1. At 222 nm, what value in deg cm²/dmol follows for the chain if DSSP H runs of at least 4 each add -39500 (n - 2.57) and the sum is divided by all its residues, to the nearest 500?
2. Rank by packing, highest mean first: peptides 292-305, 260-273, 43-56, with packing defined as the count of other Cβ atoms within 10 Å averaged across residues.
3. With the Cα gyration tensor of segment 5-144 giving a ≥ b ≥ c as the square roots of its eigenvalues, does the rule (a/c under 1.5 for rounded; else a/b larger than b/c for prolate; else oblate) give rounded, prolate or oblate?
4. Stretch residue 130-residue 148 to full length: gain in nm at 0.36 nm per residue minus the Cα-Cα span?
5. Shape verdict for the chain, please, from the Cα gyration tensor: rounded (a/c under 1.5), prolate (a/b greater than b/c) or oblate.
6. Between residue 463 and residue 173, how many nm apart are label points set 7 Å from Cα along the C-beta direction?
7. Once R0 is set to 51 Å, what does the formula 1/(1 + (r/R0)^6) return for the Cβ-Cβ distance between residue 406 and residue 115, expressed as a FRET efficiency to the nearest 0.05?
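The numbers here are math on the coordinates, done by the rules we state, and not lab data. What you see is a predicted model, and the numbers here were worked out from it, not measured in a lab. All Cβ positions, even for glycine, are placed from backbone atoms using ideal geometry, and neighbour counts span all protein chains on display.
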Ligand code: FRU
């Protein structure tokens, strides 16, 4: 069986990983924490795992940085953030205690960290917020804090069965005493029905972007079955909204899914001092439980993505640093029409770039993780007639433990009538970007050792493919 652990994506050495937490850039080093249960391949008592990097591509793993202890986080240190409080790294996170029956107290806790961020200890004044303002809240979690003028501001996720999801805004002068300002955005005001937008919004992230603000949150709903095969049922998808912020409320101008693939959730944002906004999503496994047990670890984070604005439209692309992983390029220049397995391009970890002249193509397909006879393959396709980008993993694996499905998104050609496609493959994770506007993440688990080929199929004019290059990701040849 091929190895499925990505070479370059952040994954847990053993056990379970979910959301990225506490993203921080300190002394030139990026720190990424994450929800971590080293004891099991399923979700469980959450600690904060910790990795760091100076270049965003080579990560070093450190000991667990935040651990539950007797008191308001005895049941787990759920998601949160890290801020710099006059030189002291400070984690603000969700402390939980079990009430049984999958019910939890959810409070905002605060922990002070060592200067190198290796170890955080809960402050005795925790919890700094002891629960939600509404009694019937579905949850109250995932504080995201930033410096705002002389003080601090925080957004936190909540929601009710009747009214749907909501993001609350709080303010503080000292991180310890918090004043509720009101809903930054809620489903009722926005007219977002609970059916599609869930009964609670988790992991809100809120940053200035260009001349506007970006609000990201993840839709949670245990009342509606997840449309995603193998996805943990209450977890659905991540929404990104662009809009304006008047200091109290967020007025959205546009809303979209941050990723249209099946395996992307709970993204966390880091805004660098120069204004670049980076995002890491959690990509869960699309495998049966018994296969997970055999694998021994579960979940990885996506490559960091840079989010930006083009006018008022959200742009997204892999962070430029990801290109540092590229080995020697293979130009796919002389591609003939029809199906052509590209013998020269082979590997389970590749970076592929394609520029398609949409008007000249009727269909373009790139198959990766393909066995020589095509028995196994994962197909990324673009159909210019319908503007449909798809990721098809119905034949990704002969192993019945791996989820199938075909997923679609709409991509319009750019101003020049072109489509830029970028495919990042790292063993079991495929991240597809189109025109810097749409991203799709999917997990695939080929069973054959020879499922490492690439094939290109073009239906249309000879000149439909303007450019096609592939690079092996270094260290994975
Ligand atoms: C999102 C989430 C968060 C919570 C954490 C617990 O995946 O449900 O809302 O803090 O996971 O692990």
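1. After summing the helix terms and dividing by the residues of the chain, the value is -500 deg cm²/dmol.
2. The densest-packed peptide leads the list: 260-273, 292-305, 43-56.
3. Here segment 5-144 falls in the oblate category.
4. Net length gain for the segment: 4.2 nm.
5. Since a/c reaches 1.5 and a/b is larger than b/c, the shape of the chain is classed as prolate.
6. Distance between the two pseudo-spin positions: 6.8 nm.
7. 0.55
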